[in-house]
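Since the structure comes first, as structure tokens, the remarks are kept for the end.
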Amino acid sequence: MIDTVPGPLAEPCRFGVYTGLELELQAPDAIPPAARLGLEPPRFCGQCGRRMVVQVRPDGWSARCSRHGTVDSAELGRR
Ligand SMILES: [Zn+2]
């Protein structure tokens with residue numbers, strides 16, 4: 001299997017998806033309240049800290065890391 005690259009938000013994340021900082025360096029209150037509720041799209045890849053390409057739609061969002069692929073809010077809702 002080649003398709004074993006973890007997705008941008010796969011656990012455990014190494015980087016804050018809203019700050020791009022290593023989680024060890026990220027303050028607990030760095031995550032905006034809207035983000036905790038899942039309303040705010042992630043801006044950075046949780047695996048590598050790269051800035052992701054984010055597209056916001058009326059019904060959600062998708063975010064793409066050049067290394068780790070795309071995560072979509074619709075997929076998160078189904079989990
Ligand atoms: Zn990545």
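The values are calculated or read from the model by the stated rules, or taken from the named source; none is laboratory data. Fair warning: this is a prediction, and the values are worked out from it, not measured in the lab. Please note: Cβ atoms are built from the backbone with ideal geometry, for glycine as well, and neighbour counts cover all protein chains shown. Heads up: the accessible areas ignore ligands, DNA and RNA and are worked out on the full protein's heavy atoms, side chains in. Shrake-Rupley method; radii C 1.70, N 1.55, O 1.52, S 1.80 Å.
In table form, for the structure just shown:
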item	result
Selection status of GLY20, within 10 Å of the ligand (Cβ to nearest atom), assigned to a loop (DSSP other than H, G, I, E, B) and at pLDDT 90 or above	no
The stretch 4-31 residues that are crowded, with 17+ Cβ neighbours inside 10 Å, paired with ones that are modelled with pLDDT under 90 and not aliphatic (A, V, I, L, M) (beta carbon under 8 Å, 6 or more apart)	GLY16/GLN26; TYR18/PRO32; TYR18/GLU40; THR19/GLN26
Selection from the stretch 56-69 of residues that are in contact (Cβ under 8 Å) with a residue 12 or more places away in the chain and either in a helix (DSSP H, G or I) or open to solvent by 40 Å² or more (accessible area, probe 1.4 Å) (or both)	VAL56, ASP59, ARG64, SER66, ARG67
